[in-house]
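The values are calculated or read from the model by the stated rules, or taken from the named source; none is laboratory data. Just so it is clear, the model here is predicted, and its values are computed rather than measured. Ideal geometry is used to build each Cβ from the backbone, glycine not excepted, and the neighbour counts take in all protein chains shown. Accessible surface areas use protein heavy atoms only, side chains included; no ligands, DNA or RNA. Shrake-Rupley method; radii C 1.70, N 1.55, O 1.52, S 1.80 Å.
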Amino acid sequence: MTKTRTGLSEDSLIDMKYIINDSGFTAKYFYSLIKKGDFPAPLKLGRSSRWLMNDYTFWKKKLVLKRGEQ
């Protein structure tokens, strides 16, 4: 299992606060992407929402690749 630069593994669970701090986008933006199917839906743990670090990292890599195609 590889480690990211933050010390989290690919299967670590991250919250929306981590995602918005890392990306600079708002929670509203991410929830609109989820609704459109462009960002993975969260894993629900009780009332909490979490994402796999791997899913978030994959989404970021897709953004970078898409930028290179333009």
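So, taking all protein chains as they sit and a 1.4 Å probe, how much accessible area belongs to Y18, in Å² rounded to tens? Surface open to solvent at Y18 totals about 60 Å².
Taking every DSSP helix (H) stretch of at least 4 residues in the chain, weighting each as -39,500 (n - 2.57) and dividing the sum by the residue count yields a mean residue ellipticity at 222 nm of -15500 deg cm²/dmol. On the principal axes of its alpha-carbon atoms, the chain has extents of 40, 30, 19 Å, going from largest to smallest.
For the cross-link pairs K17/K44; K17/K60; K44/K66, the ones whose C-alpha atoms lie over 18 Å apart are K44/K66. Around the Cα centre of the chain, unit charges on the Cβ atoms of Lys, Arg, Asp and Glu (plus for the first two, minus for the last two) sum to a dipole of about 180 debye. Per-residue extension of 0.36 nm, minus the Cα-Cα distance of D15 and K61, leaves a gain of 14.7 nm for this segment.
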